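Report on the following structure.
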Amino acid sequence: MSDSIQLNHLHKNYDRFALRDLTFSIKEGYITGLIGPNGAGKTTIIKMIMGMVHPDQGSISIFGQENSSDEASVKDRIGYVSDENFFYEQLTLKQMKKVIAPFYSRWDEEAYRKYLELFKLPELKKIKELSKGMKMKFSLAVALSHGSELLIMDEPTAGLDPVFRRELLELLSEHIQDEKKSILFSTHNTADLDRIADYIVFINDGRLVFNETKEALPEKYMLVKGGKELLDRDVRKWFTGIR
Ligand code: ATP
């Protein structure tokens, strides 16, 4: 089994440590869920993979290429989904798509039209008129339409209504089965992980706590106990338990 991404001994210090000696990999063809409390370092990791933040020490290998986050040929192969995106707020979705599509060598207009319809995205509305959830959907439609082999998603289910959240999770697990994509997504929601993640990367205070298949999680970290999902208060205990 090969790795889509290998993070090696990453350090990042702002006024305090955001990441400390962080090493883990994202397996090709699997869904990896990144979880941890507020401030654990999830967004910092995602921004580093996307070349938006640079590590103080350590390296990142993407598709076997060391420190390649800034290269267009690598960016082309990664779909980035976030509500904090690069869209121009003043443009309509239709105008924005015209700006974005030429950047990608494998843009699939047919797939894009399919996702526009599926996500009920209003092409003639301006980006600034979209809700957080709609922006996430537009970001996802773009990511799924440029033939990316790896999807990197920063809290894709945050701000989504329950119906679309369920549809999104279904879409992601079907997508990965059909097209053998790799997905890294961050979340605070253990039910998301329970539903679709193959691997769970748990970070706390910038350090890796574990990177395991869901089945291999130690008993104290189990997401499901006796077939019952952990409640929010249990999740808090779960986080406290590892400090
Ligand atoms: P959340 O779940 O709240 O989104 P997170 O796990 O994504 O949190 P990060 O946003 O990666 O966490 O932040 C990790 C740490 O780095 C936090 O202590 C945060 O305050 C700090 N940090 C992140 N970005 C910056 C920045 N640009 N300048 C200073 N500190 C930062």
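Brief remarks follow.
- Taking (1) surrounded by 16 or more Cβ atoms within 10 Å (Cβ to Cβ); (2) of a type outside the set (S, T, N, Q); (3) out of contact with any helix residue (DSSP H, G or I) (no Cβ under 7 Å at 6 or more places or on another chain) in turn, Ile5 satisfies each apart from (3).
- All positions within segment 184-218 that are in a loop (DSSP other than H, G, I, E, B), closer than 19 Å to Thr23 by Cα and within 16 Å of the ligand (Cβ to nearest atom): Asp205, Gly206
- Residues that are under 16 Å from Leu208 (Cα atoms) and surrounded by 15 or more Cβ atoms within 10 Å (Cβ to Cβ), drawn from segment 33-47: Gly33, Leu34, Ile35, Gly36, Pro37, Ala40, Gly41, Lys42, Thr43, Thr44, Ile45, Ile46
- Restricting attention to segment 151-202 and to residues that are modelled with pLDDT under 85 and among the hydroxyl-bearing types (Ser, Thr, Tyr), the residue that is surrounded by the fewest Cβ atoms within 10 Å (Cβ to Cβ) turns out to be Ser173.
- Given (1) buried (at least 17 other Cβ atoms within 10 Å of the Cβ); (2) within 11 Å of the ligand (Cβ to nearest atom); (3) without any contact (Cβ under 8 Å) to a residue 24 or more places away in the chain, index of the condition Tyr14 fails: (1)
Each row is one residue, and each column tells you yes or no for (1) more than 25 Å from Ile200 (Cβ to Cβ); (2) open to solvent by less than 70 Å² (accessible area, probe 1.4 Å); (3) within 16 Å of the ligand (Cβ to nearest atom).
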site	(1), (2), (3)
His9	no, no, no
Ile31	no, yes, no
Glu71	yes, no, no
Lys75	yes, no, no
Glu89	yes, no, no
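- The residues of segment 138-168 that are assigned to a helix (DSSP H, G or I) and among the acidic types (Asp, Glu) amount to a single one, Glu167.
- Selected residue (criterion: farthest from the ligand (Cβ to nearest atom)) from residues of segment 135-168 that are among the polar types (S, T, N, Q) and closer than 20 Å to Ile5 by Cβ: Ser148
- Search result, residues across segment 48-61 that are surrounded by fewer than 16 Cβ atoms within 10 Å (Cβ to Cβ) and away from the ligand (no atom under 15 Å from the Cβ): Gln57, Ser59
- Selection status of Glu129, over 16 Å from the mean Cα position of the chain (by Cα), under 24 Å from Leu160 (Cβ atoms) and in contact (Cβ under 8 Å) with a residue 24 or more places away in the chain: no
- Any hit, segment 169-183, residues being within 16 Å of the ligand (Cβ to nearest atom) and part of a loop (DSSP other than H, G, I, E, B): no
- Residues in segment 4-17 that are part of a strand (DSSP E or B) and farther than 15 Å from Gly58 by Cβ: Ser4 alone.
- Enumerated strands (runs of 3 or more DSSP E) restricted to segment 18-114, each holding at least 2 residues that are more than 15 Å from the chain's Cα centre (by Cα) and over 30 Å from Ala191 (Cα atoms): 57-62
- Remark: Lys94 matches the filter, which requires a residue to be away from the ligand (no atom under 16 Å from the Cβ), over 20 Å from Ser148 (Cα atoms) and either among the hydrophobic types (A, V, I, L, M, F, W, C) or open to solvent by 40 Å² or more (accessible area, probe 1.4 Å) (or both).
- If only residues of segment 119-146 that are modelled with pLDDT under 90 and of a type in the set (D, E, K, R) are counted, the one that is nearest to Lys181 (Cα to Cα) is Lys137.
- Test result for Gly64, within 16 Å of the ligand (Cβ to nearest atom) and not aromatic (Phe, Trp, Tyr): no
The values are calculated or read from the model by the stated rules, or taken from the named source; none is laboratory data. All values reported here derive from a predicted model rather than from experimental measurement. Glycine gets a Cβ as well: all are built from the backbone with ideal geometry, and neighbour counts include every protein chain shown. Note: accessible area is taken over every heavy atom of the protein model, side chains too, but ligands, DNA and RNA are not part of it. Shrake-Rupley method; radii C 1.70, N 1.55, O 1.52, S 1.80 Å.
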